[in-house]
Amino acid sequence: MRTPFAQQTRYGLTGLLAAALLVSCTNSPKPEPSSAATTSTPSSTPSSTPASATPTPSPSPSASPSLPPRPATSPSASTEPPPPAPPTSRPTTPKPSTTPKPPPPPGTSSSVVRSTASGGRTVALTFDDGPGAATGQVLDLLSRYGARATFCVTGLNATAYPAVVQRIRAEGHRLCDHSVSHPQPFAALSHHQQAYEIVAAKDMIVKAGGAGTKVPWFRAPGGAFTPDNQMVAAANGLRPLGWSVDPRDWSRPGVAAIVGTVQRDLRPGGVVLLHDAGGDRSQTVTALRQLLPWLAAQGYTFDFPAV
Ligand SMILES: [Zn+2]
């Protein structure tokens, strides 16, 4: 008689203990008060089926700003690059299971173009690294000869000299994305850093130029194109822009050398690489003063690069 009673109490005690343990275990991970312990049990496996529940409060990356942070607070036109933005979360979702990356806009090729749009006896003059101290002189010369050119500007310099960017537009020239801060070697940057340099620069140029500013090309600093940065450019509507004639005017080889190289190497449909910033560009300006009438005398007309 005593033994069954004792067993009963023992079972009863262990049962109570087990029940208490169960309750405490199932309760512990839940933030709700105890009353919700039983009701929340069926739905207490939150992440097993994320696809079915549409309004899941998953950590969606869409809340993040669409652009990486830009160094807008330091619009100094100096050549020293600010530290590139860390590889912040791009709109591209890290999960491979979700929707694939948006395809590049049709019509924007990722191959490097080195020829004019029209071909024939045309030339595309391109000026890199500005706007800078010599850009006004270059624009004056181009205007005098009715020439059109393409300016590959950096985001920082465009931000520092928006009026010059607007003058470039107003006088019929075109703009090209030359990265935010011209870091070199460009191809040594990470994918995310290169993407930031390309995408943020385009936005900075458009902001400087005003509504309707078009930026059809991207020229990698130092011409350091890779299949990866070419794809990034094309995905953002920027055709990679190379050149066919490089007189290395940035190295100040002398006016005669700059003029001579262009006269020797230029073929119809060529793209000439020159610089209007990044140092003393007086040789470039003087060479341009000689080259513009020479080009006209040779029957060249001024064109833009192909897109
Ligand atoms: Zn450059």
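The values are calculated or read from the model by the stated rules, or taken from the named source; none is laboratory data. Values in this document were obtained by computation on a predicted structure and should not be read as measured data. Every residue, glycine as well, gets a Cβ built from its backbone with ideal geometry; the counts of neighbours run over all protein chains shown. Heavy atoms of the whole protein, side chains included, go into the accessibility calculation; ligands, DNA and RNA do not. Shrake-Rupley method; radii C 1.70, N 1.55, O 1.52, S 1.80 Å.
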Problem - Residue match in the range 184-203 (condition: among the acidic types (Asp, Glu), within 17 Å of Pro216 (Cβ to Cβ) and open to solvent by 10 Å² or more (accessible area, probe 1.4 Å)) - result: yes
Exercise for the section: For the range 230-251, indicate whether the set of residues that are part of a helix (DSSP H, G or I), without any contact (Cβ under 8 Å) to a residue 24 or more places away in the chain and either within 16 Å of the ligand (Cβ to nearest atom) or crowded, with 20+ Cβ neighbours inside 10 Å (or both) is non-empty. Expected result: yes
Exercise for the section: For the range 135-148, state whether one or more residues are over 22 Å from Arg267 (Cβ atoms), touching a residue at least 12 places away in the same chain (Cβ under 8 Å), among the aliphatic types (A, V, I, L, M) and open to solvent by 40 Å² or more (accessible area, probe 1.4 Å). Expected result: no
Problem - Unmet criterion (only one of (1) closer than 25 Å to Leu295 by Cα; (2) not in a helix (DSSP H, G or I)) for Arg264 - result: (2)
Exercise for the section: State the number of residues belonging to the range 139-178 that are within 15 Å of the ligand (Cβ to nearest atom) and β-branched (Val, Ile, Thr). Expected result: 3
Practice task
Tell me which residues, restricted to the range 267-307, are of a type in the set (Lys, Arg) and without any contact (Cβ under 8 Å) to a residue 60 or more places away in the chain.
Solution key: Arg267
Handout entry: Condition broken by Lys214, with the remaining ones in (1) within 22 Å of His275 (Cα to Cα); (2) more than 16 Å from the ligand (Cβ to nearest atom); (3) surrounded by 23 or more Cβ atoms within 10 Å (Cβ to Cβ) satisfied
Key = (3)
Completion exercise
Conditions (1) under 17 Å from Val307 (Cα atoms); (2) crowded, with 23+ Cβ neighbours inside 10 Å; (3) within 16 Å of the ligand (Cβ to nearest atom) -> Val112 fails only (2)
